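Taken together, the values in this text are just the output of simple stated rules run on the coordinates, not laboratory data. Fair warning: this is a prediction, and the values are worked out from it, not measured in the lab. FYI the Cβ positions are ideal-geometry reconstructions off the backbone, even for glycines, and counts take in every protein chain you see.
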Amino acid sequence: MSTAVLDQSPVTPPTGPKPLTEGPQSPGILVALWGFVVIPFLALIAAVPVAWGGWLGWTDVAIAVPFYLVAGLGITVGFHRYFTHGSFKAKRWLRITLAVAGSLAIEGNITQWVADHRRHHAFSDVEGDPHSPWRFGTSVWGLTKGLFYAHVGWLFHRELSNRERFAPDLLADRDISRIDRLFPAIVIFTALAPAVAGGLLTWSWQGALTAFFWAGLVRIALLHHVTWSINSVCHVYGERPFEVRQGDKASNFWPLAIISFGESWHNLHHADPTSARHGVLRGQIDISARTIWVFEKLGWAYNVRWPKTDRIAAKLVKPGSST
Ligand SMILES: [Zn+2]
Ligand SMILES: [Zn+2]
């Protein structure tokens, strides 16, 4: 008979969750971000004074700005805060107008857009997220690939999100189905209407051509990249003042606040997705929230889910918490 003594000494497996961070991000990540986001925008800005003399005129700007505003707010107020998250209720004519306005951005038809985005919220930065920049891991190369994938690459590789699972409300809506079917016509309109406007306003072919370039192509591209930056940059870089689900990396990235109409306050958005306002902290300008506020004052929107002070305070990261 022997008394077997259990060896309890050396290898105790680590218990508890692994730390959430591995220290500050490396210079490689920063270089990727600059190359990916800032430099193309600087190039675009630099192109404006160069082109002003001959190729960009006030007529082009006067056409491009309203198109950017209407299509952009159609995405942020319409597709995103209203249709995806139900952060307010709208009269029928406003609902239809927002659906058409967002379609002018050429980011896909509304039902698919909403299905993709609801899936993104259901699986933020974990398996199942259609566009997480963390898909290829946390190494510099993985994150560089991931940023590209989240920004635009996913559009070329995706399997379409199931609309019956993620957007049954829109599939059942006859107005919305009609606008989905009209999407190809809306695409042709949004691409060519600026050229027609430029041609008529200047009564010249050159006016039509420059308006097509600036108010058509450049405006569409700029809005695309701003929207996509919310999926890429705003899941990697910026502040995270609010508690979000485990694994969710949504962040507030202030440089994009104005041009994205408040959508880059993305950390709060993931912490409280149905809130009509994303920029809830002091100084956080949110043009989409202001637009919804105007709609409410005019009586076009109602039951708006404005953020409540105590609810916001409860969601702030507690001092000393590891996130
Ligand atoms: Zn997100
Ligand atoms: Zn959202």
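Data table
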quantity: Added length on full extension, which subtracts the Cα-Cα distance from 0.36 nm per residue, Lys297 to Ala122; calculated: 59.8 nm
quantity: Whichever lysines have a C-alpha closer than 20 Å to that of Lys145, once near sequence neighbours (fewer than 8 apart) are set aside; calculated: Lys249
quantity: The range 122-136 - phi-based ³J(HN,Hα) in whole Hz, Karplus 6.51/-1.76/1.60, Gly and Pro as x; calculated: 6, 10, 4, 6, 10, 3, x, 5, x, 8, 9, x, 9, 4, 9
quantity: Listed peptides 117-128, 285-296 by packing density, highest first (mean Cβ within 10 Å); calculated: 285-296, 117-128
quantity: Separation of the Thr97 and Val140 label points, Cα + 7 Å toward Cβ, nm; calculated: 5.1 nm
quantity: Reachable lysines, given that their alpha-carbon falls under 20 Å from the alpha-carbon of Lys91 and they are not under 8 places away in the same chain; calculated: Lys297
quantity: Simple spin-label estimate for Gln206 and Leu192 in nanometres, 7 Å along Cα-Cβ; calculated: 2.5 nm
quantity: Whichever aspartates and glutamates have a C-alpha closer than 15 Å to that of Lys308, once near sequence neighbours (fewer than 8 apart) are set aside; calculated: Asp272
quantity: Separation of the Ala62 and Ala313 label points, Cα + 7 Å toward Cβ, nm; calculated: 5.1 nm
quantity: Net length gained if the chain between Ala172 and Ala185 were fully extended (0.36 nm per residue, minus Cα distance); calculated: 2.5 nm
